[in-house]
Structure formats: structure tokens, C-alpha cells
Amino acid sequence: MQKPLVLAAAGLALAALPLLSACSEQLADPIASARTLADAPVWVSNPSGTDCGEVELENDGALPAESLQCLMDASEAGEVASLQWVRWTTEGDPTPYFVLTGGAGATVASTAAYDTYGQGRWSEYGCTEIAALPGCSDEGE
């Protein structure tokens, strides 16, 4: 008598697999995915200048010295450069960050689009000291 119920549950699980795998594929590269979001800043969607790469944050939350140097070198030369990284929430959701230099300081943008408990939108702020990345914010630097 329970056989139809088991078959129905199995059918629902199979039907949900494509949806789950589509979600997983989207988050396999949160940086690339964030670039395609409709509300992404233009400079995030269409990067230009020197690409200082994508980095993993150090255990202490610091950016690698060579990544910061790449941004500072471009800034000192008056050139455009970019850098990207991902921070993970306590729940394991990715928050992609993008930095753009073009002269003094940098612009930082991040999106909470993939954060289950976030606002789901982009934030953008200036950072006067590139060496302070990733910790600078629009409030303190």
C-alpha cells in the first residue's frame, strides 16, 4: 500500500535533481556568476586593465602580498587594475568581492546575491589605502 507513496517521493526527488545541480553549477564559480548578474556594476561585468587575478584569502583574512603589490603598482602608474576574491559566510555561502584601481585608492564592490541571510544586493564603496584591503570600508578608510 505504501508503494505508490515511495514511487511518488522518488519521482519528486528525481525531478528536483536538475534544479539542485543547476544551483550548484551557478555557485561553482561565484566570481564568474556574479559578473553576469543583471545589477552588477558595469566595471564588474566588463573588467578592463590589468587583471591581478582571483585569490584565496589567507587564514588571517589578508590578501596575498603579491596581489596587493599588483594593485599598488597599477595605481602608482595611474593604470586600471582589478582583483577578485570570495569570502564565505558562517553558513558557507559565497560573497564575491571585486576591486578596481584607477589612480589613487580603489573601489570595492561585493554582492550578497548568494547569501541565504543577506540582502541580496550589491554594495560599493571607496578605499583610500590599497594596502588596507580587504579590511577597508566606506566608514573607516
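The values are calculated or read from the model by the stated rules, or taken from the named source; none is laboratory data. Source: prediction; values computed, not measured. Methodologically, a virtual Cβ is constructed for each residue, glycine included, from the backbone with ideal geometry; neighbour enumeration extends over all protein chains shown. For the accessible areas, the whole protein counts, side chains as well, though only heavy atoms, and no ligand, DNA or RNA atoms are used. Shrake-Rupley method; radii C 1.70, N 1.55, O 1.52, S 1.80 Å.
For region 103-119, filtered to residues that are touching a residue at least 12 places away in the same chain (Cβ under 8 Å) and open to solvent by 40 Å² or more (accessible area, probe 1.4 Å), the residue that is farthest from the chain's Cα centre (by Cα) is Ala104.
Each residue in region 92-102 was checked for being within 19 Å of Glu79 (Cα to Cα), at pLDDT below 95 and open to solvent by 20 Å² or more (accessible area, probe 1.4 Å), and 1 pass.
Identification of helices (runs of 4 or more DSSP H) wholly contained in region 8-89 with 2 or more residues that are open to solvent by 60 Å² or more (accessible area, probe 1.4 Å), at pLDDT 85 or above and out of contact with any Leu (no Cβ under 7 Å at 6 or more places or on another chain) yields 65-76.
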